[in-house]
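**Student:** The structure follows.
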Amino acid sequence: MADKPRLDAGLMIVKGEATATPPAVQPAPSAATSPPARAGRVALTLRIEPELHRKLRTKAFQEDTTIQDIILEALRKMGV
């Protein structure tokens, strides 16, 4: 039977006391570290029916593009 993981495996001993090992802290991404394609843009959430989503995914695959690019092209054609 395999050994169970120890509950104190993530602890380190400091001056005789057991303390939790601090997790590595990752800095929050800032606008300066965002990919250039996101510069000057805002995020938008859109709720659509599953069937429409499937059709968009299929069209994006067939045209070797992204759903985002399809929607942006449609908005530009509308003059938005």
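Read-outs: derived from the displayed coordinates by stated rules, not from any lab. Here the structure is a predicted model, which is why all the values come from computation and not from measurement. As a convention, Cβ positions derive from the backbone with ideal geometry for all residues, glycine included, and neighbour counts pool all protein chains shown.
**Student:** List 46, 56, 72 from most exposed to least, where exposure is judged by having the fewest other Cβ atoms within 10 Å.
**Tutor:** In order of increasing Cβ crowding within 10 Å: 46, 72, 56.
**Student:** Listing 67, 48 from the residue with the fewest other Cβ atoms within 10 Å to the one with the most, what is the order?
**Tutor:** Starting with the residue having the fewest Cβ neighbours, the order is 48, 67.
**Student:** Got a sec to turn the phi values of region 63-70 into Karplus ³J(HN,Hα) couplings, 6.51 cos²θ - 1.76 cosθ + 1.60 with θ = phi - 60°, whole Hz, x for Gly and Pro?
**Tutor:** Rounded to whole hertz, the list is 9, 6, 9, 10, 4, 4, 5, 5.
**Student:** Continuing with the same structure: Please order 3, 69 by the number of other Cβ within 10 Å, starting at the fewest.
**Tutor:** Going from sparsest to densest Cβ surroundings: 3, 69.
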